[in-house]
1. Taking only protein heavy atoms and a 1.4 Å probe, what accessible area per residue, in Å², does the chain have with all protein chains in place?
2. Please state the charge dipole magnitude for the chain, taken about the Cα centre, from unit charges on C-beta atoms (+1 on K and R, -1 on D and E), reported in debye and rounded to the nearest 20.
3. Between residue 47 and residues 5 or more places away or on another chain, which pairs have amide H atoms under 5 Å apart, with H built 1.01 Å from N, and which residues are they?
4. Considering only protein heavy atoms, what is the solvent-accessible area of residue 7 at a probe of 1.4 Å, reported in Å² to the nearest 10?
5. Between 78, 25, 70, find the one with the highest GNM mean-square fluctuation for the chain; connect C-alpha pairs within less than 10 Å.
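The values are calculated or read from the model by the stated rules, or taken from the named source; none is laboratory data. Quick caveat: nothing in here was measured; it's all calculated off a predicted structure. All Cβ positions, even for glycine, are placed from backbone atoms using ideal geometry, and neighbour counts span all protein chains on display. The accessibility values were calculated without ligands, DNA or RNA, using every heavy atom of the protein model including side chains. Shrake-Rupley method; radii C 1.70, N 1.55, O 1.52, S 1.80 Å.
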Amino acid sequence: KKIIGVEIDDNIFEMSKNNVNISNSNKIDIYNMNVLNYKIPKDINYIYLFNPFRQDYIWGSTQEYDNYKSLISNIKKSYFNKKREITIIFVNIDNKIFDIFNKELIMFKKGKIYQFPNTISYAIFKII
């Protein structure tokens, strides 16, 4: 088992790199890049998302939504290269992005959104 992180923000990437070094773990790899340029390996079973495009894109822009569709396409490509269960955990998701995920993952089990009063919402999607 391995943890792979892909972080677009340089500052957060550097903090993550420090945390990995402190952990002394050889099971954690992190990459400083746009997640759209990352080829999702065939053995990934869990994907955790938290504002993957916020640094470069305006919240709610068409470009941002198109990037989410591209990300979902990359996840599906990985799935079809090797069929397995993939759980996508998306923290701080809005209703529009949630709808995009449900529409793009229509052939799979739909997601469920969870929201706590006055706090961050999250959604879980499963590809089976």
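1. Details: 8240 Å² over 128 residues.
Value for the chain: 64 Å² per residue.
2. On the way: 19 positive and 13 negative charges, 180 e Å.
Magnitude of the dipole: close to 860 debye.
3. 87, 88, 89
4. 50 Å²
5. Comparing 78, 25, 70 in the GNM, the peak value goes to 25.
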